[in-house]
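Worksheet for the structure shown next.
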Protein chains: 2
Amino acid sequence: MGVNLSPMGLFVQKYGGTSVGSIERIEAVADKVATFRSEGHDMVVVLSAMSGETNRLIELAHKIQEHPDPREMDVLVSTGEQVTIALLTMALKKRGYDACSYTGGQVRILTDNAHNKARIQSIDVERMRKDLDTGRVVVVAGFQGVDDQGNITTLGRGGSDTTGVALAAALKADECQIYTDVDGVYTTDPRVVDSARRLDRITFEEMLEMASLGSKVLQIRAVEFAGKYGVPLRVLSTFEEGPGTLITLDEELEEMEKPVVSGIAFNRDEAKLTIRGVPDQPGVACKILAPVGEANIEVDVIVQNISAVDGTTDFTFTVHRNDLSKAKGVLDRVSNELGAREVVTDDRIAKVSIVGVGMRSHAGVATTMFKALGEDNINIQMITTSEIKTSVIIDERYLELAVRTLHSAFNLSEATGV
Amino acid sequence: MGVNLSPMGLFVQKYGGTSVGSIERIEAVADKVATFRSEGHDMVVVLSAMSGETNRLIELAHKIQEHPDPREMDVLVSTGEQVTIALLTMALKKRGYDACSYTGGQVRILTDNAHNKARIQSIDVERMRKDLDTGRVVVVAGFQGVDDQGNITTLGRGGSDTTGVALAAALKADECQIYTDVDGVYTTDPRVVDSARRLDRITFEEMLEMASLGSKVLQIRAVEFAGKYGVPLRVLSTFEEGPGTLITLDEELEEMEKPVVSGIAFNRDEAKLTIRGVPDQPGVACKILAPVGEANIEVDVIVQNISAVDGTTDFTFTVHRNDLSKAKGVLDRVSNELGAREVVTDDRIAKVSIVGVGMRSHAGVATTMFKALGEDNINIQMITTSEIKTSVIIDERYLELAVRTLHSAFNLSEATGV
């Protein structure tokens, strides 16, 4: 096939359910793709199902089985993307562009056989390469694959992002562009802070912390995947023009481009449990947390206070709010066994985090955070830190205030070098 | 695998769109299949899309392209059956029966690459055999296959019947049962003749003549296919109990079982064109019909009168009513070229046929027909005959009367030997 000397790029573009939610929107996506193609770029397009369609199919299944058979569920819901790839390909052909649609099984996107949550194992790029070499736009169903027995599998909800990134990695694309209904990644939620600013760039690590903390722009697995394979990932709006936010490797950012803090993430999904007056013995943390893990409850922030004079300690951790009553039940049992004083819970908490790769090389970032919150009389209940993130648990009532205060304390409204 | 010593049968059952038109109906089909399976039969089930679904998908496509790309059309509409096979398999599993769904591509039903009207070339039965050997119900998407490049193809509308017959032939099934919304094949349309009687048996040839004349119980191609491979075909109602009608080879009917006439078929879909005063020369029929064929118009009944004293003749043929104005245009041109007198058309005609393999060995059947019509003063405009069929073209107004008269003249209300 020879070396590609073209200055043009190979782009993988992924459009979500709202972007292909009607015939009119599919036509608009075709216009967008056609523009890129007419500029000379090689184009691979990954689509979700029309918004609402996947839920419609799931409801049909639930009318039959409360817990539908996982293999058949994948056969059922994978039809949603198959519809949109056919329709977009027709719309491209109408515009005079050569195009061809492929299901996950046709590409072929090989996965393990974990139905409803399969993981991609390999992608056969030969057929796509041949199409691209002839100038054809390749349109691929997101969210789905096929196991080595030819059974249809799906990657789980939101998995179309992962399909886009995986195709970009396999094809060594210049960029994977995720089109969605927001125009990029923001320093924080614009609904909370008016002056929140769209970031031009962010690193994969920062994006992961932002995503896992409630900025639901991108699927976490897709970001991990892109980071692992170094696929430049761009988040853009389907409905507005603009450069979006480019998510890249840390090394690709100039030192001067690196803000100390890139954004403020937050969520209200957690609840706090404290077991009071636990005899402070070696292994006590394990005795408390092991039964919680066995009950399939995920624990987030964990804090153990130093021993009190009576030789007991307090042990606090947070779980998802949905798991609170289940966790309370487990902890009451543990409390009895350990002879602890009491178990108290609080679901009126919120987590606020500052995220930024610059924190690695800048001391005092956490101090600035604590100082700013202190000046607003916001009491910090728990603290947890990682290399590029510092999180605090506070009273839920002060969440908006804390986010605004921190956004301002780290000057996030002002654009940096990029 | 050894020799199967079981007295039980292997049945391929096909359920049409109305039979799987809702979750409730899919549950009812599951009950029916489960009953057969629990009696020990090996079961393969072929499904159409839910009624209305294929049209919904086609409408989506037509909003984008007036003539949708054929390959993409197949990608699109094949999702309809994929939905129903998943739902029925779930319903079977809910009832405690092992079952597995397969798309046309998974089975694998290999076709040529004539999208939207593909023909089956081969079927890989290995996977189905393995499933059947373990007692699993095999649920297959009708109407679809895959070409040798892995592209999704469809067999054209109504093609699910063909899938059923092809699977039955490949698996050497004991019977292919086509479940539909009528309880069998009738001596004529019960809406026209009250005493129309369900036939217990009919031959493939008779069924072909009945089907092509407007008894839309079965797809013609499926009957041809079943006849060619000697697959016993049974038409039954999804909604009522009963033996339906068995369609078999002529040789399998005892002589005494063979009625002279099995049924009265009719249709109102045709229109008649006459070119008057054509110079009667060798090759004139070809000069008239060749341009009609080139315009892709199918011609049914053809009659050429003997020459008149002036050396000219009248030439009459019928076409589908939808093609009448197009055919008129072609014929006007031909008329000018040949120096004919005029072209007249009539779309108020109907065709009535008597069908029966017994006609082969019984003289005078046509005479009985003409006599009966004459006694009712029904004028016969055209006559055409084949080995097992005699058709007449009459004024549309007398259609019902003609059908009733013939039904009675051949004693079709009375059951024969079978």
- Query: Looking at the range B:397-416, which of the residues that are open to solvent by 50 Å² or more (accessible area, probe 1.4 Å) and not polar (S, T, N, Q) is farthest from B:ASP250 (Cα to Cα)?
  - Reply: B:ARG397
- Task: Starting from the range A:221-240, keep only residues that are more than 16 Å from A:ALA173 (Cα to Cα), then list their pairs with residues that are surrounded by fewer than 21 Cβ atoms within 10 Å (Cβ to Cβ) whose Cβ atoms are within a distance under 6 Å, requiring at least 6 positions of separation or different chains.
- Result: A:SER237/A:ASP183; A:GLU240/A:ASP183
- Query: Which number in (1) among the polar types (S, T, N, Q); (2) within 30 Å of A:LEU87 (Cβ to Cβ); (3) buried (at least 17 other Cβ atoms within 10 Å of the Cβ); (4) modelled with pLDDT of 95 or more marks the one condition that B:SER22 misses?
  - Reply: (3)
- Search the range B:17-36 for residues that are within 14 Å of chain A (Cβ to nearest Cβ) and among the hydrophobic types (A, V, I, L, M, F, W, C) and pair each with any residue that is in a loop (DSSP other than H, G, I, E, B) and crowded, with 22+ Cβ neighbours inside 10 Å when their beta-carbon atoms are under 6 Å apart and the residues are at least 6 apart or on different chains. B:VAL20/B:MET50
- Message: Just to be sure before I move on: is B:LEU208 in contact with a helix residue (DSSP H, G or I) (Cβ under 8 Å, 6 or more places away or on another chain) and within 23 Å of B:THR84 (Cα to Cα) in the structure I sent?
- Response: no
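Residues checked against (1) in contact with a Lys or Arg (Cβ under 9 Å, 6 or more places away or on another chain); (2) within 14 Å of chain A (Cβ to nearest Cβ):
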{"position": "B:ASP133", "(1), (2)": "no, no"}
{"position": "B:ALA141", "(1), (2)": "no, yes"}
{"position": "B:ASP148", "(1), (2)": "no, yes"}
{"position": "B:VAL193", "(1), (2)": "yes, no"}
- Task: Within the range A:198-220, track down each residue that is without any contact (Cβ under 8 Å) to a residue 60 or more places away in the chain, in a loop (DSSP other than H, G, I, E, B) and on the phi < 0 side of the Ramachandran plot.
- Result: A:SER215, A:LYS216, A:VAL217, A:LEU218
- Give me the pairs: first residue in the range B:294-308 and without any contact (Cβ under 8 Å) to a residue 12 or more places away in the chain, second residue not in a helix (DSSP H, G or I), beta-carbon distance under 6 Å, and six or more apart or on different chains, which are they? B:ASN305/B:THR313; B:ASN305/B:ASP314
- Message: Condition first: over 27 Å from A:ARG404 (Cβ atoms), modelled with pLDDT of 90 or more, in contact with a helix residue (DSSP H, G or I) (Cβ under 9 Å, 6 or more places away or on another chain) and surrounded by 17 or more Cβ atoms within 10 Å (Cβ to Cβ). Can you find one or more residues in the range A:252-268 that meet it?
- Response: no
- Message: Against the definition (more than 9 Å from chain B (Cβ to nearest Cβ), acidic (Asp, Glu), under 22 Å from B:THR54 (Cβ atoms) and open to solvent by less than 10 Å² (accessible area, probe 1.4 Å)), how does A:GLU59 come out, yes or no?
- Response: no
- Message: Looking at the range B:44-57, can you tell me whether even one residue there is closer than 24 Å to B:GLU224 by Cβ, assigned to a strand (DSSP E or B) and touching a Ser or Thr at 6+ places or on another chain (Cβ under 7 Å)?
- Response: yes
- Item | Criterion (surrounded by fewer than 24 Cβ atoms within 10 Å (Cβ to Cβ), closer than 28 Å to A:ARG268 by Cβ and at pLDDT 90 or above) met by exactly one of A:ASP189, A:ASP181, A:ASP174, A:ASP194 | A:ASP194
- Query: Taking B:LYS32 and the conditions (1) of a type in the set (D, E, K, R); (2) open to solvent by 50 Å² or more (accessible area, probe 1.4 Å); (3) over 23 Å from A:GLU59 (Cα atoms), which numbered condition does it fall short on, given that it satisfies the others?
  - Reply: (2)
- Residue check: is A:GLY105 of a type in the set (Gly, Ala, Ser), touching a helix residue (DSSP H, G or I) at 6+ places or on another chain (Cβ under 9 Å) and under 21 Å from B:GLN106 (Cα atoms)? yes
- Based on what the data block shows, is A:THR163 closer than 24 Å to B:GLU72 by Cβ, within 14 Å of the chain's Cα centre (by Cα) and β-branched (Val, Ile, Thr)? yes
- Test: residue in the range A:58-81 that is touching a Lys or Arg at 6+ places or on another chain (Cβ under 8 Å) and not in a helix (DSSP H, G or I): yes
- Query: Which of the residues that make up the range A:117-166 are in contact with a Ser or Thr (Cβ under 6 Å, 6 or more places away or on another chain) and at positive phi?
  - Reply: A:PHE143
- Task: Would you confirm whether any residue within the range A:271-288 is open to solvent by 40 Å² or more (accessible area, probe 1.4 Å), at pLDDT 90 or above and within 25 Å of the chain's Cα centre (by Cα)?
- Result: no
- Single residue of the range B:343-396 satisfying the filter (charged (D, E, K, R) and closer than 25 Å to B:ILE275 by Cβ) that is surrounded by the fewest Cβ atoms within 10 Å (Cβ to Cβ): B:ARG348
- Item | Some residue of the range B:282-299 being part of a strand (DSSP E or B) and closer than 22 Å to B:ARG397 by Cα | no
- Query: Mind checking which residues of the range A:147-164 are at pLDDT 95 or above and open to solvent by less than 10 Å² (accessible area, probe 1.4 Å)?
  - Reply: A:ASP147, A:THR153, A:THR154, A:THR163, A:GLY164
- Query: Just for strands (runs of 3 or more DSSP E) wholly inside the range B:301-409: which have at least 2 residues that are of a type in the set (Ser, Thr, Tyr), at pLDDT below 90 and farther than 30 Å from B:PHE204 by Cβ?
  - Reply: B:312-320
- Query: Going through the range B:72-104 one residue at a time, which ones are open to solvent by 30 Å² or more (accessible area, probe 1.4 Å) and either aromatic (Phe, Trp, Tyr) or facing chain A (nearest Cβ under 8 Å) (or both)?
  - Reply: B:LYS93, B:LYS94, B:TYR97
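The values are calculated or read from the model by the stated rules, or taken from the named source; none is laboratory data. All figures in this text were calculated on a predicted structure; none of them were measured in a lab. Using ideal geometry, Cβ is built from the backbone for each residue, glycine included, and neighbour counts are taken over all protein chains shown. Areas reflect the complete protein model, heavy atoms only, side chains present, ligands, DNA and RNA absent. Shrake-Rupley method; radii C 1.70, N 1.55, O 1.52, S 1.80 Å.
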